[in-house]
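The structure appears right after this line, and notes come after that.
The values are calculated or read from the model by the stated rules, or taken from the named source; none is laboratory data. The shown structure was predicted, so the numbers you read here are calculated from the model rather than taken from an experiment. Ligands, DNA and RNA are stripped out before the accessible areas are found, and what is left, the full protein with its side chains, is counted by its heavy atoms. Shrake-Rupley method; radii C 1.70, N 1.55, O 1.52, S 1.80 Å.
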Amino acid sequence: MRGQPGPVRGLDTLVRLQREQRSPGTAGALGPLVLPEGMTTPLGCDAVAVPARFGPLVVPRLPRLGCVYADGSHWWWIVPSDSDYALVWPAPVHYAPGARLPSTTRLIHRPDDTVPYTPPIPLYLALCRVTGTTPDWSRRLSA
């Protein structure tokens, strides 16, 4: 009917719709993340895709490695859901909400415990370092 408002959309819905519009930047069908047996995801899962050449440079800069996957051209780091909230990941990094990975990925690192996460802030800082990007919160503000 004309003149009646549409459905009310909350902020969570709008954020989800925005995320779904992003493209993964990699070829291949995307599918849900398959974690090793025994892993738990109390905080949900997203993934951070890093060009493969940066992967070995990031590893020694992290206090903890979670599950890491690779597909030949990218390494995929598993982080808690919403690790992109108020954070601009540096180019050429790609943030993948819901950890939908290309079907060609394979597990290259599994942590010893049952949580698959790499801490997102140390990962962000390591990626800023290896890409030569100033962390978003350190940039000078312009009036």
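Assuming 0.36 nm per residue, please report the length gained on full extension of the stretch Thr40 to Thr104 beyond their Cα-Cα distance.
Working: separation 64, 0.36 × 64 = 23.04 nm, distance 2.27 nm.
Using 0.36 nm per residue and subtracting the Cα-Cα distance, I get 20.8 nm.
Report ³J(HN,Hα) in whole Hz for each residue of region 114-122, in order, from the Karplus equation J = 6.51 cos²θ - 1.76 cosθ + 1.60 where θ = phi - 60°; Gly and Pro get x.
So the J values, rounded to whole Hz, are 9, 10, x, 7, 9, x, x, 5, x.
Using a 1.4 Å probe and counting only protein heavy atoms, arrange Ser83, Ser73, Ser103 so the residue with the most accessible area comes first.
On the way: Ser83 15, Ser73 60, Ser103 90 Å².
Highest to lowest solvent-accessible surface, that is Ser103, Ser73, Ser83.
So how much accessible area does Thr114 have, in Å² to the nearest 10, using a 1.4 Å probe?
In the full protein context, Thr114 sits at about 70 Å².
Solvent-accessible area per residue for region 44-143 at a 1.4 Å probe radius, Å²? Don't skip to the end; give the middle numbers.
On the way: 5000 Å² over 100 residues.
Per residue, region 44-143 has an accessible area of 50 Å².
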